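Comments concern the structure below.
The values are calculated or read from the model by the stated rules, or taken from the named source; none is laboratory data. Remember, it's a predicted structure, so these values are computed and weren't measured experimentally. Glycine also receives a Cβ, built like all others from the backbone with ideal geometry; neighbour counts cover every protein chain displayed. Accessible surface areas use protein heavy atoms only, side chains included; no ligands, DNA or RNA. Shrake-Rupley method; radii C 1.70, N 1.55, O 1.52, S 1.80 Å.
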Amino acid sequence: MDIKVTLNPNPAQKPDPSTLGFGKIFTDHMFMWSWNSEKGWYNPRIVPFQRLSIHPASTVLHYGSEIFEGLKAYRRADGKVQLFRPIENIRRMNNSAERLCLPQMPEEDFMQALKEFVKLEEDWTPSAPGTSLYLRPFMFGNDESLGVHAVHNAEFIIIASPVGSYYKEGINPVKIMIEDQDVRAVRGGTGYAKCGGNYAASNRAGERAEQQGYSQVLWLDGVERKYIEEVGAMNVMFKISGTVVTPMLSGSILPGVTRKSIIDVLKKEGYKVEERLLSVDELAQAMADGTLEEAWGCGTAAVVSPIGELCYKEHKYIVNNGEIGALTQHLYDTLTGIQWGKVEDTFGWTVEI
Ligand code: PLP
Ligand code: COI
């Protein structure tokens with residue numbers, strides 16, 4: 001694939017790393033690629049970062065025809081920049097595209113686009129501890145008509161944002177409320193796809209939790225509101241009596257790259273890991289009898305986010321005295337160690353730019 005590059009004539013000043021939040025500052029360029037059902041993918045290009053101009057009837061604005069990904073470029077101690085398991089994001093995006101009737105992208109072209117774009121924006125990858133360059137590939141249906149059907153036109157874009165830590169608390173334990181009204185996803189729905197609509201539908205519960213002093217919600221399944229699914233926009237894991245238990249991928253849970261990587265690390269280190277149904281009653285019992293030893297969310301943005309308190313039907317349970325657990329810390333150190341090139345990558349997960 002031949003990517004046409006138009007350089008930004010007015011590159012911006014790089015931000016002070018101490019001011020980085022999450023996704024507020026963007027780099028000088030963006031990758032764009034257009035698709036039409038007759039032409040296929042065409043005009044791959046890197047252009048100066050700019051606003052988009054779309055027709056007011058564009059499909060995405062009315063029918064939510066949108067999918068996205070999230071991965072990071074990390075600055076290693078030797079100055080080189082690397083990606084973490086980008087092929088997993090590429091494949092998940094194609095799975096999301098299939099679910100939303102958006103076009104498939106050839107894996108090698110997507111990978112090339114990521115690498116060339118990150119290479120061009122390499123200087124935007126910060127080096128302060130915990131910082132990285134967050135990459136946000138996204139695709140949207142862009143027909144200029146109000147008919148409801150699979151689209152004939154789509155745009156694929158990659159933007160990049162230098163980021164610090166996702167939660168303002170950093171690696172400190174967060175308070176989570178178990179949500180027993182709204183659900184994030186249902187069987188047969190789009191839970192396993194990373195589509196914008198899932199996030200729009202989850203905001204009401206998230207807002208309610210925040211108003212009550214919680215960082216996020218713990219989602220229950222959409223059919224019985226009984227089984228634990230995810231926490232906010234992260235997968236969730238519990239250490240119960242020495243075993244790590246995480247909800248199995250049922251179709252309504254996003255198959256996280258961090259989740260998959262943690263399972264691999266745990267298994268390699270000899271931990272017992274169970275991917276299975278975990279009911280909220282079982283969790284409440286484990287919280288009540290003290291067998292719940294640790295709990296954490298996991299995802300690209302926060303990596304590992306310890307849970308210090310869980311609230312269910314107005315009962316508050318403190319996990320591990322509200323402190324980060326030893327295994328949670330170990331997983332954070334191991335994953336971030338591999339991502340930032342401080343720990344040897346024996347899994348072959350990292351891709352140097
Ligand atoms: N679950 C949801 C709903 C998410 O949005 C994310 C974030 O991408 C994850 C889980 C974690 O996935 P990953 O580890 O691939 O970032
Ligand atoms: C994650 O990376 O864990 C996320 O959930 C990303 C979020 C901003 C959608």
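Is it true that some residue in region 154-165 is part of a loop (DSSP other than H, G, I, E, B) and within 13 Å of ligand 1 (Cβ to nearest atom)? No, because not a single residue in region 154-165 is part of a loop (DSSP other than H, G, I, E, B) and within 13 Å of ligand 1 (Cβ to nearest atom). Among the residues making up region 170-221, a single one is on the phi > 0 side of the Ramachandran plot and open to solvent by 60 Å² or more (accessible area, probe 1.4 Å): GLY188. Condition first: free of Cβ contacts under 8 Å to residues at least 60 places away in the same chain and farther than 28 Å from LEU135 by Cβ. Now tell me which residues in region 268-282 satisfy that. Those that are free of Cβ contacts under 8 Å to residues at least 60 places away in the same chain and farther than 28 Å from LEU135 by Cβ: GLU269, GLY270, TYR271, LYS272, VAL273, GLU274, ARG276, LEU277, LEU278, SER279, ASP281, GLU282. Within region 288-303, residues that are modelled with pLDDT of 95 or more and part of a strand (DSSP E or B) sit with their Cβ atoms under 7 Å from residues that are of a type in the set (Gly, Ala, Ser) and more than 9 Å from ligand 1 (Cβ to nearest atom), at 6+ positions apart or across chains, in these pairs: LEU292/ALA286; GLU293/GLY325; GLU294/GLY325; TRP296/SER305; GLY297/SER305. Screening region 229-249 for residues that are more than 16 Å from ligand 1 (Cβ to nearest atom) and of a type in the set (S, T, N, Q) and picking the one that is farthest from the chain's Cα centre (by Cα) gives SER241. For ALA233, the conditions (1) within 16 Å of ligand 2 (Cβ to nearest atom); (2) of a type in the set (Gly, Ala, Ser); (3) open to solvent by less than 30 Å² (accessible area, probe 1.4 Å) all hold with the exception of (3). When residues in region 316-339 are screened for being out of contact with any Asp or Glu (no Cβ under 7 Å at 6 or more places or on another chain), open to solvent by less than 40 Å² (accessible area, probe 1.4 Å) and touching a residue at least 12 places away in the same chain (Cβ under 8 Å), 5 of them pass. Exactly one residue out of ALA301, ALA295 is on the phi < 0 side of the Ramachandran plot, within 16 Å of ligand 1 (Cβ to nearest atom) and crowded, with 22+ Cβ neighbours inside 10 Å: that is ALA295. Of LYS313, LYS342, all but one fail to be of a type in the set (Lys, Arg), open to solvent by 30 Å² or more (accessible area, probe 1.4 Å) and over 21 Å from PRO129 (Cα atoms); the exception is LYS313.
Here region 119-141 is the region considered, the condition is being in a helix (DSSP H, G or I) and out of contact with any Ser or Thr (no Cβ under 8 Å at 6 or more places or on another chain), and the residue that is surrounded by the most Cβ atoms within 10 Å (Cβ to Cβ) is LEU120.
Which residues, taken from region 236-250, are surrounded by fewer than 22 Cβ atoms within 10 Å (Cβ to Cβ) and at pLDDT 95 or above? ILE240, SER241, GLY242, THR243, MET248, LEU249, listed by residue number.
Restricting attention to region 41-78, the residues being free of Cβ contacts under 8 Å to residues at least 24 places away in the same chain and either under 24 Å from VAL257 (Cβ atoms) or open to solvent by less than 50 Å² (accessible area, probe 1.4 Å) (or both) number 0.
Results for (1) within 28 Å of GLN329 (Cα to Cα); (2) touching a residue at least 24 places away in the same chain (Cβ under 8 Å); (3) in a helix (DSSP H, G or I), shown as yes or no for each residue.
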site	(1), (2), (3)
GLY188	no, yes, no
GLY191	no, yes, no
ALA200	no, yes, yes
ARG204	no, no, yes
GLU210	yes, no, yes
VAL217	yes, yes, no
ARG225	no, yes, no
SER250	yes, yes, no
LEU266	yes, yes, yes
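Going by what's in this entry, would TYR214 be described as within 16 Å of ligand 1 (Cβ to nearest atom) and aromatic (Phe, Trp, Tyr)? No, not satisfied. Within region 13-41, track down each residue that is under 29 Å from TYR192 (Cβ atoms) and either outside any loop (DSSP other than H, G, I, E, B) or within 16 Å of ligand 1 (Cβ to nearest atom) (or both). Answer for region 13-41, where residues must be under 29 Å from TYR192 (Cβ atoms) and either outside any loop (DSSP other than H, G, I, E, B) or within 16 Å of ligand 1 (Cβ to nearest atom) (or both): PHE22, GLY23, MET30, PHE31, MET32, TRP33, SER34, TRP35, ASN36, GLY40, TRP41.
Candidates in region 86-99 are the residues that are away from ligand 2 (no atom under 16 Å from the Cβ) and open to solvent by less than 40 Å² (accessible area, probe 1.4 Å); of these, the one that is nearest to GLY348 (Cα to Cα) is ASN94.
Got at least one residue in region 259-277 being out of contact with any His (no Cβ under 9 Å at 6 or more places or on another chain), away from ligand 2 (no atom under 12 Å from the Cβ) and closer than 15 Å to ILE178 by Cα? No, region 259-277 contains no residue that is out of contact with any His (no Cβ under 9 Å at 6 or more places or on another chain), away from ligand 2 (no atom under 12 Å from the Cβ) and closer than 15 Å to ILE178 by Cα.
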